[in-house]
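Scroll down for the structure; my scribbles are underneath it.
Values quoted throughout were computed directly from the atomic coordinates according to the rules given, and no laboratory measurement underlies them. None of the values given here were measured: they were computed from a predicted structure. Quick reminder, even Gly has a Cβ in these numbers, built from the backbone with ideal geometry, and neighbours come from all protein chains shown.
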Amino acid sequence: MNRTATVGLANRIFRSLHFLPVQRTGNITSLNTYRPLTDSFGRVHTNLRVSVTDRCNLRCFYCMPAENVQFLPRKELLSFEEITRFVECMVRRCGLTKVRLTGGEPLVRHDLHRLISQLGSIVNLRQIALTTNGVLLGQQAQQLFDAGLRHINISLDTLDREKFKQYTRRDNLDKVLAGIEVARQVGFPSIKLNAVAIQGMTEEDLISLGQFARDTGIEVRFIEYMPLDADQSWEREKVLYAAKMIRILSDGLCQLQPVEKRQKNAPAQSYEFIDGRGKIGFISSVSHPFCTQCNRFRLTAEGKIRNCLFSHEETDIRELLRQETAEDQLIDRVMQSVSAKKEGHEINTASFLQPERPMYSIGG
Ligand code: SAM
Ligand code: SF4
């Protein structure tokens, strides 16, 4: 075997062991240290949420303003190549294993399947997932699957057309339902539904969504309403807590029982109906924050690192990506953000201050 082939083989072995990553700089091959993204509380960050756009084709009242939304100019968005370069570096040098694409609505970003393919070629990136409102899923599901996507979360708060219009300010329920059906037919092995749980609103949708979970086998997950709405009208009294939802579903459909968590840092606690038909998840970000187990960080559409949804600080990496800066400088910048991560989101403290950026603009 000649020298180049030997170095190539060594590179592949080291990278697949995820042990001592190797970077090629010009024609010099240098060994780079492995730098896990550990914060000051010992949490290791292996899970990245990437927002690909802040644009959206819905206007959910708990997320976006009704009108006059100021979107980022297109030139400010990271390109697919910039996102891929960043993710590849994080995987190889920092042990990132999972990426979720989100937004805004990720499927309004032209040719999203190209990004999925690019990410799919990154060695040791174990999972690529997508969160979508499902409106464009019918058109794109096959293309996304062919590009390598396997995990989809679809957001749907109600099965009632009038309520859907009221919640999202758009008349698109049929498209979302069709999108879910196409995704099932295409054969995605992991499809979940997400619904925001709001007191005085979601109670009426619980039974029909629970029944949907039982009929389709798709897990429906209820996310406690968080203070990330554009109108800043969140109030604690508006949060519908998991405990109450479990009572309503158990009384109205069938007794729910908790399922043992397979991953300790999964935010959702799953329950199953005791007759074995259907699963429901609860993401109790307000009543039972999972901050102590949090392994997530975020990249906004315009290239800012956020160490928490509720953070008030961001760290810009776009210019570093555009200048093709040395990797260690990029990692230093990410570490700077991760190191500053607080112990928890503090929603339940008197000093809590809602972040200025609402959910759609951060990337939920
Ligand atoms: N547009 C896509 C969608 O709706 O799935 C992806 C982005 S959206 C911001 C991601 C998730 O955040 C959705 O499941 C949405 O329901 C959830 N979300 C938005 N605002 C929220 C809030 N104030 N509290 C809790 N969840 C929220
Ligand atoms: Fe758009 Fe998703 Fe926000 Fe609804 S929750 S407005 S679909 S970004």
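Spin-label model, S40/E356: points 7 Å from Cα along the beta carbon direction are separated by 2.4 nm. Between S287 and Q143, the modelled label-to-label distance comes to 4.1 nm, taking each label 7 Å out from Cα in the direction of the beta carbon. Among L96, L193, L159, the largest mean-square fluctuation in a Gaussian network model of the chain, built with springs joining Cα atoms closer than 10 Å, belongs to L159.
The sum of -39500 (n - 2.57) across all DSSP H runs of n ≥ 4, divided by the residue count of the chain, sets its helix-only mean residue ellipticity at 222 nm to -9500 deg cm²/dmol. Using 0.36 nm per residue and subtracting the Cα-Cα separation, the extra length available between S79 and L159 on full extension is 25.2 nm.
For the chain, give the magnitude of the charge dipole about the Cα centre (Cβ charges: +1 Lys/Arg, -1 Asp/Glu; no others), in debye to the nearest 20. Can you show the working numbers first?
Numbers: 49 positive and 42 negative charges, 261 e Å.
Dipole size: approximately 1260 debye.
Length gained on full extension, T97 to E260: 56.4 nm, using 0.36 nm per residue less the C-alpha separation.
In this rough spin-label picture, where each label sits 7 Å from Cα along the Cβ direction, the E204-R247 distance is 2.1 nm. By definition, a body whose alpha carbon gyration tensor gives a ≥ b ≥ c is prolate when a/c is 1.5 or more and a/b is larger than b/c, and the chain fits this prolate description. Remark: for residue pairs K192/K341; K238/K261; K175/K342, the C-alpha separation exceeds 32 Å in K175/K342.
Given the chain, what percent of its DSSP beta bridges are antiparallel, to the nearest 5? Here the antiparallel bridges make up roughly 35 percent for the chain. Both radii were evaluated on the Cα set of the range 24-156; the Rg over Rh quotient, with Rh as the Kirkwood radius, amounts to 1.02. Summing +1 for each Lys or Arg and -1 for each Asp or Glu among the other residues whose beta-carbon sits under 12 angstrom from that of E224 gives +4.
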